[in-house]
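*Asks:* Encoded as structure tokens, here's the structure I'll be asking about.
We did not get these values from a lab; they are worked out from the coordinates using the rules stated. Given the structure is predicted, the values throughout are model-derived calculations rather than measurements. Note that each Cβ is placed from the backbone with ideal geometry, even for glycine, and that neighbours are counted across all protein chains shown.
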Amino acid sequence: MSEQARDERLAGGQGDAQARSLLDKIWQTHLVAAGSGAPWIAIDRVFLHERTGAIALEGLKQRGRTVQGAARVFCTIDHIVDTRPGRTDETLMPGGREFITRTRAAAQAAGIRLFDVGDPDQGIVHVIAPELGLALPGLTIVCPDSHTCTQGAVGAFAWGIGSTEAEHALATGTLRLNKPASLRVRFEGRLGAHVGAKDLSLRLLSRRGAAGGRGKAVEFAGSAVRALDMEARFTLCNMATEFSAITGMIAPDETTYQYLAGRDFAPRGASWDRALATWRSLASDEGASCDEEICIDVDDLAPMITWGTSPQHATDVTGRVPEASDSGTTQEAYARALQYMDLKPGQALSSLRIDAAFIGSCTNGRISDLRSAARVLAGRKIAPGVRALCVPGSSRVKRQAEAEGLDRIFRSAGFEWRESGCSLCFYAGGEDLGLGKRVVSSTNRNFEGRQGPGTRTHIASPATVAASALRGSIADVRSLEAA
Amino acid sequence: MQSFRILTAPAAPLLRDNVDTDAIIPSREITSVSKQGLGLGLFAGWRYRPGGGREPNPDFVLNQPRFAAARILVAGENFGCGSSREHAVWALADHGFRAIIAVSFAPIFHDNCINNGLLALSLPRVMVAALAQALLAHGSEPCLTIDLERQEILGSDASVIRFSIDAEVRQRLLEGLDAIDLSLRKLTGLDAFYQRDAQERPWVYL
């Protein structure tokens with residue numbers, strides 16, 4: 001046990017001194033060396049993408065440094081690549097092609113496996129890593145991308161880093177890191193129909209704020225989390241970075257093992273049996289302490305949606321724009337958010353007409369997300385004047401959706417059906433949704449300008465996005481069902 | 001990496017909470033595979049009038065003459081949240097910023113600052129608010145001095161604020177140490193780690 005771990009346990013003052021958390025166990029397995037300052041932690045997987053990959057790999061080369069453990073480094077093309085059908089390396093974004101071609105060249109030169117444009121396994125990094133069995137319980141996983149925390153859902157320690165840190169991980173096989181404080185978030189109860197992981201995360205953000213988990217390793221637990229399928233768990237952990245946490249993680253269980261079994265890069269045969277035995281010992285021990293715990297009852301949770309310009313500006317989809325005093329934010333931030341979003345205090349969210357609907361992203365671009373939206377859309381048409389897009393999170397998700405006929409449901413309803421990538425989750429592909437346009441989006445960030453200059457983003461679950469596209473205004477998917 | 005010891009420079013207040021990296025450098029401003037030349041895109045959504053051009057928005061703090069040459073930014077809570085893009089730090093540095101004093105920082109952004117020799121200092125909200133108030137109250141271009149060795153901020157009114165900072169971060173900034181060089185020099189035991197770990201967790205090593 002490291003000195004620091006022991007100190008933290010003592011400081012916590014609760015729990016069994018011998019009992020260890022999921023984080024404690026992964027931390028101790030990966031501690032390479034401690035000196036003065038932060039210890040060195042072994043990194044099991046590094047992922048890169050074209051926005052940051054070329055810069056990191058070229059930076060290394062310029063300094064005469066080489067990639068350590070290239071077989072455990074993977075790169076994908078997801079951020080800037082076009083998602084319109086028939087895409088090539090060309091992008092609408094000026095200069096976008098260079099990000100792709102230079103990342104490709106740098107990955108090839110370094111001997112890194114690249115999931116390139118046109119590769120059947122291409123997709124958004126945090127969708128393909130678990131899909132391919134590259135994210136496994138107990139691993140340390142980093143990527144110069146804040147949503148790397150998504151991958152913590154398999155019981156890994158996964159976190160986003162900057163480009164320089166990525167170079168450090170590539171050059172040394174390690175990162176220097178002080179052990180983060182721990183925060184256990186327990187969601188207890190049973191979720192109602194059409195309420196899911198996205199709503200859980202927005203509830204947490206609305207209660208505790210966008211800085212509520214700052215720098216902490218969040219472990220999601222409780223009966224509602226145990227009941228989530230694996231893809232919903234990715235959604236929940238994905239949003240941990242919006243909480244300013246370093247990571248979100250969920251102890252592996254049968255749901256995790258069933259999801260991972262047989263995946264391309266997952267162990268097989270005797271190796272699987274051995275890995276499984278190790279993974280079964282990863283869950284936090286009974287009585288393991290944590291620095292802080294939050295418990296949220298979810299029995300009565302409604303579908304959630306954001307009204308403002310921070311993910312913490314969230315409320316029930318049936319609700320209203322809060323008054324300043326109930327907004328959980330400063331008067332200045334509240335006034336700015338209302339001005340940017342063109343809202344008035346007390347306005348019913350259901351009264352807001354929308355211009356666009358977006359389904360996709362590393363948050364909600366998996367097959368279960370597309371299925372839940374398609375169930376809402378089946379046999380219906382989106383409202384006139386609404387532009388709607390569905391962008392599968394990976395090429396595999398796209399093929400699976402097409403095999404199930406979901407693409408036909410989306411198209412018949414009036415959605416565009418795209419190639420996989422990050423797309424309009426943000427503006428990097430060069431497309432935007434337009435100045436002053438209001439969009440309901442299954443993505444993760446409603447920041448000013450995130451989906452294009454002046455675009456007004458409301459984030460919600462895929463089911464809520466689909467229902468809103470049908471009605472042409474923000475809609476409660478539950479009332480649509482009853483109609 | 002450029003070292004940071006003592007800096008006397010103009011400072012500007014931007015006391016919004018949760019300033020995200022999309023605001024610091026919007027995606028549309030990141031148009032080449034480079035760490036250079038990003039300063040023009042800094043705070044583009046706020047700094048320029050809507051429409052995508054470069055016409056300055058006179059309301060934005062850095063467009064006010066007395067704050068235009070700022071090298072120190074005084075900011076709110078959770079500064080640099082959102083995307084991990086190091087471009088946000090490269091843009092701040094390219095514009096000329098050398099230090100940010102905030103109520104708190106988003107963790108990835110904080111580390112990105114240090115890795116680029118940009119001082120990221122946290123102070124309690126009341127102290128940050130007082131500092132910003134003094135900057136706004138100052139008639140002409142207000143300056144601050146940040147002395148990293150003495151861990152002090154000096155106002156132009158001779159006020160002194162003591163600050164604390166992680167000892168290792170302080171040392172790296174003072175000496176301008178490159179973290180990768182440091183690790184390549186100092187890290188030992190990695191081979192032994194791999195040997196042991198490959199026995200215990202063979203499925204990790206593809």
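*Asks:* Run through the DSSP bridge list for the protein assembly as shown and note the antiparallel percent, rounded to the nearest 5.
*Replies:* If we restrict to bridges inside the protein assembly as shown, about 30 percent are antiparallel.
*Asks:* Now a separate question. Based on alpha-carbon centroids, what's the gap between the stretch A:255-299 and the stretch A:358-413 in Å, whole number please?
*Replies:* 30 Å
*Asks:* Please go through the stretch A:272-375 and write out the trypsin sites (Lys or Arg not before Pro) that DSSP classes as loop and that have at most 16 other C-beta atoms within 10 Å.
*Replies:* The qualifying sites are A:ARG280.
*Asks:* Sticking with this structure for a sec: Do the alpha carbons of any pairs in A:LYS198/A:LYS381; A:LYS179/A:LYS398; A:LYS61/B:LYS186; A:LYS198/A:LYS398; A:LYS25/A:LYS398 sit beyond 28 Å of each other, and which pairs?
*Replies:* A:LYS179/A:LYS398; A:LYS25/A:LYS398
*Asks:* Given the options A:LEU228, A:THR247, B:SER27, identify the residue whose Cα lies farthest towards the positive end of the charge dipole of the protein assembly as shown (+1 on Cβ of Lys, Arg; -1 on Cβ of Asp, Glu).
*Replies:* Projecting each Cα onto the dipole axis, the largest value belongs to B:SER27.
*Asks:* Quick one, can you get me the convex hull of the C-alpha atoms of the stretch A:398-483 expressed as volume per residue in Å³?
*Replies:* Working: hull volume 9.0 nm³, N = 86.
Enclosed volume per residue, from the Cα hull, is 105 Å³.
*Asks:* Please give the calculated 222 nm ellipticity per residue for the protein assembly as shown, where each DSSP H segment of at least 4 residues contributes -39500 (n - 2.57) and the sum is spread over every residue; nearest 500 deg cm²/dmol?
*Replies:* One gets -9500 deg cm²/dmol as the mean residue ellipticity at 222 nm.
*Asks:* How much of the pair distance distribution for the stretch A:229-298 lies past 17 Å, counting alpha-carbon pairs only, in percent?
*Replies:* For the stretch A:229-298, the fraction of Cα-Cα distances above 17 Å is 58 percent.
*Asks:* Have a look at B:ASP111, B:ASP166, B:ASP157 and tell me which one the Gaussian network model of chain B (Cα, springs below 10 Å) gives the largest fluctuation.
*Replies:* B:ASP166
*Asks:* Rounded to the nearest 5, what % of DSSP beta bridges with both residues in the stretch A:40-176 are antiparallel?
*Replies:* Restricted to the stretch A:40-176, the bridges split so that about 20 percent are antiparallel.
*Asks:* Here is a follow-up. What FRET efficiency would be calculated for the residue pair B:LYS186, A:ARG408, taking the C-beta separation as r and a Förster radius of 56 Å, to the nearest 0.05?
*Replies:* Plugging the Cβ-Cβ distance into 1/(1 + (r/R0)^6) gives 0.45.
*Asks:* Rounding to the nearest 20 debye, state how big the charge dipole of the stretch A:252-395 is about its Cα centre with +1 on each Lys and Arg Cβ and -1 on each Asp and Glu Cβ.
*Replies:* About 1200 debye.
*Asks:* Now a separate question. Grab the beta carbon distance between A:ALA261 and B:TYR205, set R0 = 22 Å, and tell me the FRET efficiency rounded to 0.05.
*Replies:* The formula returns an efficiency of 0.65 here.
*Asks:* Name the lysines eligible as straight-distance cross-link partners of A:LYS437: C-alpha to C-alpha under 18 Å, and not fewer than 8 places from it in the same chain.
*Replies:* Cross-link targets: A:LYS344.
*Asks:* What GluC sites (Glu not before Pro) does the stretch A:22-121 have in DSSP loop regions with at most 13 other beta carbons within 10 Å?
*Replies:* In loop regions of the stretch A:22-121 (DSSP not H, G, I, E or B), the sparsely surrounded GluC sites (Glu not before Pro) are A:GLU90.
*Asks:* Same structure, new question: For the protein assembly as shown, rounded, prolate or oblate, judged on the Cα gyration tensor with a ≥ b ≥ c (square roots of eigenvalues), a/c < 1.5 rounded, else prolate if a/b > b/c? Spell out each step's value before the answer.
*Replies:* Details: a/c = 1.37, a/b = 1.07, b/c = 1.29.
Judged from the Cα gyration tensor, the protein assembly as shown comes out rounded (a/c under 1.5).
*Asks:* If the cut-off is 15 Å between C-alpha atoms, which aspartates and glutamates fall inside it for A:LYS216, apart from same-chain ones fewer than 8 positions away?
*Replies:* A:GLU8, A:ASP24, A:GLU242, A:ASP291, A:GLU292, A:GLU293, B:ASP111
*Asks:* Can I ask one more? If you place +1 on the Cβ of every Lys and Arg and -1 on the Cβ of every Asp and Glu, how big does the dipole about the Cα centre of the stretch B:6-177 come out, in debye to the nearest 20?
*Replies:* The dipole of the stretch B:6-177 has a size of about 280 debye.
*Asks:* Dipole size in debye (nearest 20) for the protein assembly as shown around its Cα centre, Lys and Arg Cβ +1, Asp and Glu Cβ -1?
*Replies:* 940 debye
*Asks:* Using modelled amide H (1.01 Å from N, peptide plane; none on Pro or chain starts), what sits under 5 Å from the amide H of A:GLU416, excluding residues fewer than 5 places away?
*Replies:* A:ALA388, A:LEU389, A:CYS390
*Asks:* For chain B, count the residues as N, evaluate 2.2 N^0.38 Å, and divide the Cα radius of gyration by that value, please.
*Replies:* Dividing the Cα Rg of chain B by 2.2 N^0.38 Å gives 1.16.
*Asks:* Sort A:260-270, A:101-111, A:204-214 for me by packing, meaning the mean count of neighbouring Cβ atoms within 10 Å per residue, highest on top.
*Replies:* The packing order, highest mean first, is A:204-214, A:101-111, A:260-270.
*Asks:* Give a quick list of GluC sites (Glu not before Pro) in the stretch B:91-191 that DSSP marks as loop, anything other than H, G, I, E or B, with at most 12 other Cβ atoms within 10 Å. Let's see the in-between values first.
*Replies:* Working: sites: B:GLU149, B:GLU152, B:GLU168, B:GLU175; in loops: B:GLU149.
Answer by residue number: B:GLU149.
*Asks:* Shifting gears a bit: Expressed as a rounded percentage, what relative contact order does the stretch A:40-176 have, with Cα pairs under 8 Å and six or more residues apart? Can you show the working numbers first?
*Replies:* Details: 266 pairs, mean separation 45.0, N = 137.
RCO, the stretch A:40-176: 33 percent.
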